[in-house]
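The values are calculated or read from the model by the stated rules, or taken from the named source; none is laboratory data. Since the structure is predicted, the reported quantities are computational estimates derived from the model, not experimental observations. Note that we place each Cβ from the backbone using ideal geometry, even for glycine, and neighbour counts take in every protein chain shown.
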Amino acid sequence: MRVYTLQPVNVLHTIQRGELYRPDPNLCRAEGFVGDDQSLWRAYRWIAGRLALQHPPPVPEALPVWVWATFNHRSPKPDLRRHHPVTPGVLLELEVDDDRVLLSDFDGWHTALNGWFLGSETEVTAFESQCDQKGYGPAGFWQDEDMRQQVTGSWLKCLDLDWYDPFWHGADTETRKTQGVLWELRPEDVKASRIYRGWPSGK
């Protein structure tokens, strides 16, 4: 599978030394990437758990590397002329075995990041009605085991790339993006690299 990832330049240096690159969960917390945000941490642990069912993690607390499989309908590779990362980094082109990568729908994944229910408009309305009946405010349903299971169960839709609903995706299917996660980057995975300077102004 050909995939792409945007990483700090030090990741490229690690790989050029012939070493594996794996995200450090402690650094992710320390640098505020997920920090103490319970919703973000819950979503990241969930996607890591789903990846673990497909491919065992290298260590119990591992967090995955994120990659792009389809950035837009024109190209799977992120277009740095249109997508301007703020900080300097490197675009890595990778070739990895399919079973190492868990793919997901970019828009659907953001429902998990926000800690909300993923479904059709009818399904979402029904879930919201349950919340109202039980008197749960925003995110209050997490204290309810049944509701919690409904929500995390709904996130499986973001792993089903055949699932499509205009309530979430809109009418333009060509804008859909497919991302993926894997546990590590290996030197032999890298087929090409491009260092970029970053665009602090966003332009």
Residues within the stretch 67-76 that are farther than 23 Å from LEU20 by Cβ and touching a residue at least 12 places away in the same chain (Cβ under 8 Å), tallied:
5
Helices (runs of 4 or more DSSP H) contained entirely in the stretch 107-203, each with at least 1 residues that are among the small types (Gly, Ala, Ser) and surrounded by fewer than 14 Cβ atoms within 10 Å (Cβ to Cβ):
121-134, 145-154
Looking only at the stretch 97-106, which residues are assigned to a helix (DSSP H, G or I) and of a type in the set (Asp, Glu)?
ASP98, ASP99
Taking GLY18, is it part of a loop (DSSP other than H, G, I, E, B), more than 13 Å from the chain's Cα centre (by Cα) and surrounded by 19 or more Cβ atoms within 10 Å (Cβ to Cβ)?
no
In the stretch 49-63, which residue that is at pLDDT below 95 and within 15 Å of the chain's Cα centre (by Cα) is surrounded by the most Cβ atoms within 10 Å (Cβ to Cβ)?
LEU63
Scan of the stretch 71-106 for residues that are surrounded by 16 or more Cβ atoms within 10 Å (Cβ to Cβ), at pLDDT 90 or above and farther than 30 Å from GLY140 by Cα, ordered by number:
GLY89, VAL90, LEU91, LEU92, GLU93, LEU94, VAL96, ARG100, VAL101
State which residue pairs qualify: first residue touching a residue at least 12 places away in the same chain (Cβ under 8 Å) and among the aliphatic types (A, V, I, L, M) and inside the stretch 96-123, second residue surrounded by 19 or more Cβ atoms within 10 Å (Cβ to Cβ) and assigned to a loop (DSSP other than H, G, I, E, B) in any location, beta carbons under 8 Å apart, and separation of 6 or more residues or different chains.
LEU102/PRO64; ALA112/LEU118
For the stretch 151-172, does any single residue satisfy the condition of being of a type in the set (Ser, Thr, Tyr) and without any contact (Cβ under 8 Å) to a residue 24 or more places away in the chain?
yes
From GLU19, GLU31, grab the single residue that is at pLDDT 75 or above and among the acidic types (Asp, Glu).
GLU19
Please work out which residue is modelled with the highest pLDDT, limiting yourself to the stretch 35-48 and to residues that are part of a loop (DSSP other than H, G, I, E, B) and not small (Gly, Ala, Ser).
ASP37
